[in-house]
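The values are calculated or read from the model by the stated rules, or taken from the named source; none is laboratory data. In this text, all values refer to a predicted model and were calculated from it rather than measured experimentally. A quick note on method: Cβ atoms are made from the backbone with ideal geometry, for glycine too, and the neighbour counts reach across all protein chains shown. Remember, those area values only see protein heavy atoms, side chains included, never the ligands or the DNA or RNA. Shrake-Rupley method; radii C 1.70, N 1.55, O 1.52, S 1.80 Å.
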Amino acid sequence: MTLVTAGDGAGDAWGRPQGGRSNPSTSNPSTSFTSAPANKFVLDPFYRSNVARGLGHVVGLASSASYLWVATSKNYLIRYDESSGKVQERKLNCVTVKKLFAVDESHLLVTVHDGKNLETLCVKTEEMLTGRPVVVKGLQGRYLTSAARCGKHTVVGSDTGILYGSPSPSGPFVKLMEIPQRHKRRSPVSGLASIEHDGALVLLALCGACVQCFTLPSRDAWFEDGGVQVRPVELPIEQDAAQLVGGGAFWGGSGAGRDSGAIAGMRDDSRCRDSRVAVLSTSGVFVGEFPGLETLRAEPIPFSCGPGDALPMSMAMTRYHIVLLYPTKVQFVNAVSREVVQEVAVEGSVLGLSRDLVGGRLFLLAGDDVHEIDYSDEDRDMWRVYLGRQMYDRALPLCRTADQRDIVYLEQAEALFDQGAYEASARLFGRITASLPSLDEVACRFLVLDGLESSSRALEPAAVKPGAKSMRPIRAFLESKLSTLSTQDGVKRTVVSTWLLELLVHSDADAGAEDGHDGDVVAEFVAEHADCLHPRTTASILESHGRTNALLAFFRARKDDGAELELLMSAGETAQAIGVLRKPGTSLALVYKYATTMMAREPTETVSLWMDILRARQDADVGDRHQGFGAAKSMVAAMAAAAVPSASTSRLDPLALLPAMASY
């Protein structure tokens, strides 16, 4: 971002000269700021004072990443390195500085006048003191008014409405195009912005009262490659617009700012790229967002100043606000609500704004002092602004507390309920963590929808026996509510999960098929929520509805081997029961308990189980192996004796197997 002051006779964004300047060598203008506490925007009055360092007064300011560049009236270039704290100075002999453009972190373009001709110099960051500035070819005699980094190329605009481009900031530059204009008088390119959208690269250029939109197919594409789409957007104004800003980086998330790493080396995930653009005109500020740039033609944001008051000198844009610089104040306007949210009075010679499109920082130049505008807290109340416009998807991520999220959930849920979107409304009601509205209050609203009584008895799980289709909203509410409850909400989790289980088992024949899921939804549910379901109540519900698979899943999730074995044996699933007994750590008491029945039903598998148990006991014995083996044989003998069936039920005598076991 570039700021140019009155060093060349051109001052603010309108090209008006700045009067009343005093030379800092004879007078040091005082600048003071007043602002209310707890404001969203804070001016740092001590960021950089006397940045000209006695080498004249400031005529240009530019910033990029960790570097702050200053040009003085005595033709000095001063670079402040925020990362190292170093300050470097360089004298540009026999030239007068006209413009500064920090196009990236490593290059500075300086338009100078040698008394006869205009030239543009390229100063490399690492060669600030040692290297000689390079005279950029292709820009001789051109007065630059704007510059931007567009993908891998650098684009500059001239005072005659011509765009020039080069793969390198040091040139050579070639003419890209002469922007068509509606008047014979050539208007300057008053602003350039680069935006990336869906893999495409977009260059925006303001010339006169028209924003030219150049869309390149990819980040690596360029004008000479062809395939560039050109779309002009005419603004509904008679006079030429003064300034275009857009693109670049902004702080992301609450609390991000200068102290969170706004210097070089800042993590990329702490910033976000912007696709909006704003145009400053005498009619107000036009705001649009790519790709719908036609919104630039909508009603502009008006200036909050009376007739005869001065127009804004220049403009900058943060993520949610427009920053307008007046001769005596800085004004912050919410770009969504279009309301002025804060004003900061400035005493002294206010010269302009400079915004770093690489690092996202915003600076104000007043006199010879540079003040950083900290806007890291600008999103503090944006959730309310979006909520007031029913933009719930944008409001929710900006909420900082659970109470704020509850307000958004409640308003969106009520809006969906009024629209008849009951299931979506129910899910949002379930996400509310506040005590009000209460669980039974919300449940009653959805129960009444289906003609059910909203009495206290209707809220009891045993009293609710509707079909699955009629209970979609209440089921969605309970599922959502259950997901918000923590382990500390033990009783409430048990109540909600039990109620939801009742709804699931009372659903039509296949609740899983109805919802588009494979398998047994009830079994999946009880397995997932086994920790909060009451064992006896759950078993009673599942048994009364013949949900054997779900009951098995519940026992397995709870690791209740005894209950699982009892269910399998009663269902005649002896083979599965033997598999349960094979699990490590299974109690031998369970093996004894079902030895007779298993031997009668699956003698071969039962003996194999005993042999495996014997082997495991033998391997695990760390004492006298003979004594341990004798104990194991005694255990197997006892099992076999307990499993001896009567002659009327089986012809197999398990004791006959003992010699084989003993010889093992």
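For LEU118, the residues whose modelled amide H falls within less than 5 Å of its own, excluding neighbours fewer than 5 places apart on the same chain, are GLY141. Remark: region 292-333 carries 36 Å² of accessible area per residue (probe radius 1.4 Å; ligands, DNA and RNA excluded).
Label-to-label distance for GLU238 and CYS305 is 2.0 nm, based on points extended 7 Å past Cα in the beta-carbon direction.
Taking 22 Å as the limit for the C-alpha separation, the pairs LYS86/LYS124; LYS559/LYS583; LYS91/LYS124; LYS86/LYS329; LYS91/LYS152; LYS137/LYS175 exceed it in the case of LYS86/LYS329; LYS91/LYS152. In region 207-249, the ratio of gyration radius to Kirkwood radius, Rg to Rh, stands at 1.06 when only Cα atoms are counted.
Applying both filters, DSSP loop and at most 14 other Cβ atoms within 10 Å, to the trypsin sites (Lys or Arg not before Pro) of region 366-398 gives ARG389. Can you pull the percent of region 269-375's accessible area that's carbon plus sulfur, 1.4 Å probe, other chains left in place? Accessible surface attributable to carbon and sulfur in region 269-375 totals 50 percent. Couplings for region 88-95, taken from phi via the Karplus curve 6.51 cos²θ - 1.76 cosθ + 1.60 with θ = phi - 60°, read 10, 10, 8, 8, 9, 6, 6, 9 Hz in order; Gly and Pro are left as x.
Please work out the C-alpha center-to-center distance from region 382-417 to region 35-108 and express it in whole Å. One Cα centre to the other: 42 Å.
Multiplying the residue separation of GLU441 and ALA421 by 0.36 nm and removing their Cα-Cα distance gives an extension gain of 5.4 nm.
Stretched out fully, how many nm does the piece from THR586 to ASN50 gain, at 0.36 nm a residue minus the Cα gap? Working shown, then result.
Numbers: separation 536, 0.36 × 536 = 192.96 nm, distance 8.08 nm.
Full-extension gain reported as 184.9 nm.
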